[in-house]
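Here's the structure we're looking at; comments come further down.
The values are calculated or read from the model by the stated rules, or taken from the named source; none is laboratory data. Bear in mind the structure is a predicted one, so any value in this text is a computation, not a measurement. Note that we place each Cβ from the backbone using ideal geometry, even for glycine, and neighbour counts take in every protein chain shown.
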């Protein structure tokens with residue numbers, strides 16, 4: 001089956017990562033995708049994001065840059081990209097290099113086999129791992145060190161994993177990575193409401209509920225979520241900030257079960 005794909009990359013100050021990520025996506029598209037466009041939705045970058053995109057557009061004709069002028073919002077950045085997508089299928093992923101090209105390939109391959117399903121990149125199923133920490137990692141101290149020497153926060157990584165496991169207890173979705181943010185499926189399956197009512201990555205919980213209410217099949221594909229290549233994490237590194245960031249996820253989980 002031929003896949004026509006729009007890839008949405010929501011971004012704030014990810015210029016260094018985009019100059020590698022975008023060419024890599026176009027490179028794999030030669031083998032896996034018949035038609036592709038990449039939509040970079042910039043949410044107020046102050047680095048050289050625009051310069052990087054303008055330079056890449058000289059080589060890649062189906063590369064688009066959307067500059068948001070509204071209040072910064074991860075979920076609405078994603079939705080604007082989805083809404084403007086022109087292809088039958090839509091994928092989105094973080095622009096920080098943590099969601100890998102191998103993961104993109106695995107998800108597209110699974111989609112080709114299951115075109116009426118939603119495919120979710122998962123850190124918590126077979127072949128999945130979290131920020132350099134694999135599910136079957138025999139040396140947890142070495143794994144934590146890989147995170148420590150990266151641009152990510154060890155505390156953020158560990159707490160995020162705990163948050164995901166805890167929230168999963170509240171919602172009976174059958175999905176193990178309920179905060180994934182790495183997904184592909186038919187554009188027609190995505191509606192604005194899950195993005196509109198969310199404040200950050202909690203949109204994914206509302207999105208899962210929306211799929212479940214529409215009886216859309218969801219398939220998880222494991223991938224190793226890598227440590228950040230460059231730049232600064234948007235999730236914060238201090239416990240107080242991380243806990244505050246986590247509150248909307250718990251609120252979303254509570255709404256989903258009520």
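The table for this structure:
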| read-out | value |
| --- | --- |
| Per-region count, the stretch 53-65, residues crowded, with 17+ Cβ neighbours inside 10 Å and either farther than 14 Å from residue 20 by Cα or under 21 Å from the mean Cα position of the chain (by Cα) (or both) | 4 |
| Lone unmet requirement of (1) in contact with a helix residue (DSSP H, G or I) (Cβ under 7 Å, 6 or more places away or on another chain); (2) assigned to a loop (DSSP other than H, G, I, E, B); (3) closer than 24 Å to residue 110 by Cβ; (4) without any contact (Cβ under 8 Å) to a residue 60 or more places away in the chain for residue 1 | (4) |
| Among residues of the stretch 3-31, those that are within 14 Å of residue 90 (Cα to Cα) and at pLDDT below 95, counted | 2 |
| Some residue of the stretch 171-192 being in contact with a helix residue (DSSP H, G or I) (Cβ under 9 Å, 6 or more places away or on another chain) and either more than 30 Å from residue 3 (Cβ to Cβ) or modelled with pLDDT under 75 (or both) | yes |
| Test: residue in the stretch 245-258 that is buried (at least 22 other Cβ atoms within 10 Å of the Cβ), closer than 18 Å to residue 91 by Cβ and modelled with pLDDT under 95 | no |
